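These notes concern the structure reproduced below.
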Amino acid sequence: MHYLSKTALSAVVALALSGSAWAQTVGPNGEAATPSSEVTVADSDVAALKAGNYKAAFVWHDQSDFVSAVSLGATDEFDRLGIEVVATTNAGFDTAKQRSDIETVMAKSPNIVLALPLDPVASAAAFKEATETGVQLVFLSNVPAGYEHGEQYASIVTDDLFQMGKQAADALAANMGGKGSVGWIFHDATYYVTNQRDNAFKTTIENDYPDMEIVASAGISDPARAEEIANAMLLKHPDLGGIYVTWAGPAEGVLSALRTNGNKDTKIVTLDLSEPIALDMVRGGNVAALVADEAYELGRALAASAARGLLGQSSPAFVVAPAVTVTNKNINEGWMLSLHREAPKSLTQ
């Protein structure tokens, strides 16, 4: 999980109280964000990296379209730099397995490890060997407890979390004509990625759209309860103009609730790409838009940060990749920007 430090929590609260929906994503310890476009390896440094015969490994938390796109972005950048990927692991969200995966990977003596640490406390011990042997560690979205930028790791790379929430609000507002009642289904857990995205949506509606009002709020921790939560929300507010859902998994349950109720008018916006949700959108159903990260670009930036470390060059502590709003008008473009592949045929035919 991604836990908010007191510093980062204060920063998020400051965003909500700022009186403006313009703000920046902050890191897990309150770090300022640097655009991923600023993290590059110069062509003049490629020869030196190729001469080093360096090796890299991926220690991932799970396997998904998102992880595949991140891996592809990193692998393409490593190929350009002559760095060999020698291992890829998938912990299946199991902290103990991730620790075992790290031990397996370290046996291959990589110079670089890209990883998403599943638990800040447990990961601090799990990655200790890598820090002691001088491996260039670059983390996706999270950081082990007590680790210092420039000491134990080269950089953290993640989505532009605030922009994802803001773009979701803007897309819903555009679909609703900038007025009407809104339901807000947020992630009911201390999870810094979803917390920032959810609060950015809420802040944008409250500050930028005076004729829109969040009249119903509900937290969700178990995605399987999404349909139940949506039914309860619609029972109290049958005339909701739109519903924000914290990510695409539970959005499927919300869509099911709308269909069960024969509701063709309430619009949904959610985060991350999903074929079933996008299929409703392209068919002109309840889904107005999906907002995704540029996962391929995340991978490229992870690889570039690590390679810079091998060259003795520092990278920013906290790096963010852009967000992309996907509607029924830019399905192929959105899929390509996010996942670096064409949209499923079900969405384009």
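The values are calculated or read from the model by the stated rules, or taken from the named source; none is laboratory data. Only a predicted model underlies this, so the values are computations on that prediction, with no experimental measurement involved. Note: ideal-geometry Cβ built from the backbone for every residue, glycine included; neighbour counts use all protein chains shown.
Here is the figure for segment 79-94: residues that are surrounded by fewer than 17 Cβ atoms within 10 Å (Cβ to Cβ) and touching a helix residue (DSSP H, G or I) at 6+ places or on another chain (Cβ under 6 Å) total 1.
Pairs are defined by a Cβ separation below 6 Å, a sequence spacing of at least 6 or placement on different chains, a first member in segment 36-51 that is assigned by TED's automatic domain parsing to the domain that holds residue 314, and a second member that is modelled with pLDDT of 95 or more and among the polar types (S, T, N, Q); the pairs so defined are 39/305; 39/315.
Looking at the structure I just gave you, is residue 177 surrounded by fewer than 21 Cβ atoms within 10 Å (Cβ to Cβ), in the same structural domain as residue 266 (by TED's automatic domain parsing) and under 17 Å from residue 287 (Cα atoms)? For residue 177, the condition - surrounded by fewer than 21 Cβ atoms within 10 Å (Cβ to Cβ), in the same structural domain as residue 266 (by TED's automatic domain parsing) and under 17 Å from residue 287 (Cα atoms) - is met. Of everything in segment 158-174 that is out of contact with any Gly (no Cβ under 6 Å at 6 or more places or on another chain) and of a type in the set (A, V, I, L, M, F, W, C), the residue that is surrounded by the fewest Cβ atoms within 10 Å (Cβ to Cβ) is 174. Taking every residue in segment 226-253 that is in the same structural domain as residue 267 (by TED's automatic domain parsing) and pairing it with any residue that is assigned to a loop (DSSP other than H, G, I, E, B) and of a type in the set (D, E, K, R), at least 6 positions away or on another chain, the pairs with Cβ-Cβ distances below 6 Å are 247/272; 248/272.
This table checks each residue for (1) among the polar types (S, T, N, Q); (2) at positive phi; (3) surrounded by fewer than 24 Cβ atoms within 10 Å (Cβ to Cβ); (4) outside any strand (DSSP E or B).
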residue	(1), (2), (3), (4)
259	no, no, yes, yes
263	yes, no, yes, yes
273	no, no, no, yes
307	no, no, no, yes
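Selection of segment 46-74 for residues being farther than 19 Å from residue 117 by Cβ and either more than 20 Å from the chain's Cα centre (by Cα) or buried (at least 19 other Cβ atoms within 10 Å of the Cβ) (or both) yields 46, 47, 48, 49, 50, 51, 52, 53, 54, 55, 69, 73. Looking at the structure I just gave you, is residue 69 in contact (Cβ under 8 Å) with a residue 40 or more places away in the chain, part of a helix (DSSP H, G or I) and either over 30 Å from residue 163 (Cβ atoms) or outside the structural domain of residue 140 (by TED's automatic domain parsing) (or both)? No, not satisfied.
Checked against (1) more than 26 Å from residue 150 (Cβ to Cβ); (2) modelled with pLDDT under 85; (3) crowded, with 17+ Cβ neighbours inside 10 Å, residue 19 meets all criteria but (3). When 93, 139 are screened for being outside any helix (DSSP H, G or I), on the phi > 0 side of the Ramachandran plot and in the same structural domain as residue 300 (by TED's automatic domain parsing), only 93 passes. State yes or no: is residue 279 among the aliphatic types (A, V, I, L, M), surrounded by fewer than 24 Cβ atoms within 10 Å (Cβ to Cβ), in contact (Cβ under 8 Å) with a residue 24 or more places away in the chain and assigned by TED's automatic domain parsing to the domain that holds residue 199? Yes: the conditions hold for residue 279. Summed over segment 57-75, the residues that are of a type in the set (Ser, Thr, Tyr) and more than 17 Å from residue 294 (Cα to Cα) give a count of 0.
Close contacts from segment 110-128, counting a first residue that is in the same structural domain as residue 303 (by TED's automatic domain parsing) and a second that is assigned to a loop (DSSP other than H, G, I, E, B) and of a type in the set (Gly, Ala, Ser), with Cβ to Cβ under 6 Å and a gap of 6+ residues or different chains, come to 116/141; 120/145; 121/145; 124/145; 124/146.
Give 158, 190, 203, 194 a once-over and let me know the one that is hydroxyl-bearing (Ser, Thr, Tyr) and assigned to a strand (DSSP E or B).
Working: 190 fails: assigned to a strand (DSSP E or B); 203 fails: assigned to a strand (DSSP E or B); 194 fails: assigned to a strand (DSSP E or B).
The conditions single out 158.
Can you find a residue that is in a helix (DSSP H, G or I), at pLDDT 95 or above and not hydroxyl-bearing (Ser, Thr, Tyr) anywhere in segment 105-121? Within segment 105-121 (the criterion being in a helix (DSSP H, G or I), at pLDDT 95 or above and not hydroxyl-bearing (Ser, Thr, Tyr)), the answer is yes, since at least one residue qualifies.
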